[in-house]
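Here the structure is laid out as structure tokens; the discussion comes afterwards.
The values are calculated or read from the model by the stated rules, or taken from the named source; none is laboratory data. None of the values given here were measured: they were computed from a predicted structure. Because the Cβ atoms are built from the backbone with ideal geometry, glycine has one as well, and the counts that use them run over all protein chains shown.
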Amino acid sequence: MKAQIFCLNLVLVVLCGCQSKPLPATAGPAVPQNIQFDIGDRSAVYKENKALETGFNKSTQNYTYRNIASAFPDNGKKMMVKAKALKSAEVKVNPESSPWQNRFVRSKENESKNLLRFANVNKAAYQVPLSEALARKMSEKKKDQTSESLYYQAQIDQRDDFFEPNNDFGTARSLAGAEGRWLALAGESSQVLTEGIQWNRDVYKIRVSPLFRQLIVDLRYQHYMGNVDLHLFNQNGVELIKSDRSGDDEFINILLDQGGLYYLVVDGQNQGNRYDFKFSTEFTASNDDMMEENDTIQKAYDISSIVNQWFSETTGEGVAGDDDFYRLKVSPGQTRLKIDLRYEQVFGDIDMALLNSQGQVIATSSSIGNDEFIDFDVMTGGTYFLRVYPFTQSKLAPMYDLRWEAFQSDRVKPRITKKSDGTEGALQ
């Protein structure tokens, strides 16, 4: 085996300049039946938007609306604050402000669970918590341990793990909602311990934000029970790096050249050895987000194709250093819009407004706590714009996460009044 590879701030083109061969599927023992668990995507992990707790719902009619007159009541805030436009180089991002990182990855609850799983560090300074003799004795018994267990046992009942089938890129198991969490804890809601079992090649897919490109993968296993190796591939199937040391555990630390989809591949001697791993990312940006310059409606960034996906999984988190405009193309018949904005108010207040094709405000969300939310029926399909803006500017701009969707509405259509200047007014 080669020595373990520790890579920090690597230039990827040096690692591999050729296309890797497609991964062939490899067969393994039967997968356990009648056990259902859901890792959960980021929406499930985020849970409900906090602004909905103070939302206005007109219960006498079959629709919920947010608009400039009756959106979350502005509590004295001036909704249409002065437009702001800064060059990207003028914006400094607060690296601690990502809602995804704060609400899950770095949350006290998640970190506590991770520490119960492994309180010790990777084998770089890792000592096997059990002697080999004791571990082998324990492996003769069927494993039925809680997540507090700090050791593994060889698999003796000839079954594969709960993530199967995941033997190639086409069947890779998504871990989009599991960043910063040990694999074994993915099934905690079903009260099963979901360690990986290395009977064959196991492939997982992950999403990396362009603002968090330092990828760290910490894999734990006991080598004397069967070798396990770890590989990282990009979305084109090119192997970027591997860790294949000749002792316990594997570890990857790499600066990726871009965000997006990546694959983690675990393989080895196919002896049924159990393993666990956790992947996390570190902040690597310094200035504005990847969608700049979009400070005016004329330069709006088109997110029409990014439907029902979080920015943190695709373009990277937004940064509220100034006005951010986005273009939405709504299909006829899909006229109910839901726009879900997540941010941590402690780092700075962020508001948003929905505009029609003429740039007139038709809906807003302007709360005074965490998050904003718009649930609004537009009159017709076509082009709309979304303005996300800081209520006040700060030296360190806060990050935000956003997701939108459009679908057919079964609600009573709102009646919108017209002001004397011809613009749209309040709902009736």
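Return yes or no: is residue 321 out of contact with any strand residue (DSSP E or B) (no Cβ under 8 Å at 6 or more places or on another chain), surrounded by 22 or more Cβ atoms within 10 Å (Cβ to Cβ) and in a loop (DSSP other than H, G, I, E, B)? Spelling it out, it is not the case that residue 321 is out of contact with any strand residue (DSSP E or B) (no Cβ under 8 Å at 6 or more places or on another chain), surrounded by 22 or more Cβ atoms within 10 Å (Cβ to Cβ) and in a loop (DSSP other than H, G, I, E, B). Within the option set 140, 188, 179, 148, being closer than 29 Å to residue 103 by Cα, among the acidic types (Asp, Glu) and modelled with pLDDT under 50 holds for one residue only, 148. Is it true that some residue in region 334-348 is in contact (Cβ under 8 Å) with a residue 12 or more places away in the chain, part of a loop (DSSP other than H, G, I, E, B), on the phi < 0 side of the Ramachandran plot and among the small types (Gly, Ala, Ser)? Within region 334-348, none of the residues are in contact (Cβ under 8 Å) with a residue 12 or more places away in the chain, part of a loop (DSSP other than H, G, I, E, B), on the phi < 0 side of the Ramachandran plot and among the small types (Gly, Ala, Ser). Taking the criterion of being among the acidic types (Asp, Glu) and in a loop (DSSP other than H, G, I, E, B), would at least one residue in region 296-315 satisfy it? So far as region 296-315 goes, no, none of its residues is among the acidic types (Asp, Glu) and in a loop (DSSP other than H, G, I, E, B). Taking the criterion of being of a type in the set (S, T, N, Q) and either closer than 21 Å to residue 173 by Cα or part of a strand (DSSP E or B) (or both), the only residue of region 248-263 that qualifies is 253. The residues of region 71-104 that are touching a Leu at 6+ places or on another chain (Cβ under 6 Å) and either assigned to a loop (DSSP other than H, G, I, E, B) or modelled with pLDDT under 75 (or both) amount to a single one, 94. The set of residues in region 192-218 that are among the charged types (D, E, K, R) and assigned to a strand (DSSP E or B) comprises 202, 205, 207, 218. Suppose we keep only residues that are in contact with a Gly (Cβ under 8 Å, 6 or more places away or on another chain) and more than 22 Å from residue 93 (Cβ to Cβ) within region 376-413. Which one would you say is modelled with the highest pLDDT? Out of the qualifying residues, it is 385.
In region 352-372, of all residues being modelled with pLDDT of 90 or more and buried (at least 19 other Cβ atoms within 10 Å of the Cβ), the one that is nearest to residue 336 (Cα to Cα) corresponds to 354. If you go through region 219-247 and keep only what is β-branched (Val, Ile, Thr), assigned to a loop (DSSP other than H, G, I, E, B) and within 16 Å of residue 275 (Cβ to Cβ), you end up with nothing.
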